[in-house]
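Presented below is the structure to which this report refers.
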Amino acid sequence: QVQLIESGGGLVQIGDSLRLSCTMPKLVFVFNFYTMGWFRQAPGTEREFVASITSNGTITYNDDFVKGRFTISRDNSRQSVYLQMNLLKPEDTAVYYCAANPKMYSTSKDRSDFTHWGQGTQVTVSS
């Protein structure tokens, strides 16, 4: 069952950019009541936190690898959250998942706090 809908993944070269989008179905969920986040999972690794943004715009990044390259944003009027990824590296290759946390002011990085998930969009960065 698809709860959130991601798009924007693809095959790019090192240094390229991608913009991922995620939409919460209108009228089914109240987007403004959720913190929205992005996670990623590469083959053979655990799913890891990338970034999140609360309902009122507080942003949290995984500083282990983002280091200014990624920007998360949301448009409440369109019930969408975005992840702008620049200067992509091969190690960014992963399935990227959008997720929603019903605690709308939460800055948690724990995936167990996110109750709604998309099916993921593949990002592949070639070297």
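The values are calculated or read from the model by the stated rules, or taken from the named source; none is laboratory data. No experiment lies behind these values; they were computed from the predicted model shown. Cβ placement follows ideal geometry from the backbone for every residue including glycine, while neighbour counts extend to all protein chains displayed. We work out accessible area using only protein heavy atoms, side chains counted, and drop any ligands, DNA or RNA first. Shrake-Rupley method; radii C 1.70, N 1.55, O 1.52, S 1.80 Å.
All but one of (1) assigned to a strand (DSSP E or B); (2) of a type in the set (S, T, N, Q); (3) surrounded by 16 or more Cβ atoms within 10 Å (Cβ to Cβ) hold for residue 122; state the number of the condition that does not hold.
Result: residue 122 fails condition (3) only.
Being in contact with a strand residue (DSSP E or B) (Cβ under 6 Å, 6 or more places away or on another chain), basic (Lys, Arg) and either at pLDDT below 95 or open to solvent by 60 Å² or more (accessible area, probe 1.4 Å) (or both) narrows it down to one of 74, 19, so name that one.
The match here is 19.
Results for (1) among the hydroxyl-bearing types (Ser, Thr, Tyr); (2) in contact (Cβ under 8 Å) with a residue 24 or more places away in the chain, shown as yes or no for each residue.
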{"site": "32", "(1), (2)": "no, yes"}
{"site": "41", "(1), (2)": "no, yes"}
{"site": "56", "(1), (2)": "no, yes"}
{"site": "67", "(1), (2)": "no, no"}
{"site": "71", "(1), (2)": "yes, no"}
{"site": "78", "(1), (2)": "no, yes"}
{"site": "82", "(1), (2)": "yes, yes"}
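Among the residues of region 99-115, is there at least one that is open to solvent by 10 Å² or more (accessible area, probe 1.4 Å), at pLDDT below 95, of a type in the set (Ser, Thr, Tyr) and in contact with a helix residue (DSSP H, G or I) (Cβ under 8 Å, 6 or more places away or on another chain)?
no
Run residue 94 past the list (1) closer than 19 Å to residue 3 by Cβ; (2) open to solvent by less than 60 Å² (accessible area, probe 1.4 Å) and report the number of the one that doesn't hold.
Just one mismatch for residue 94, condition (1).
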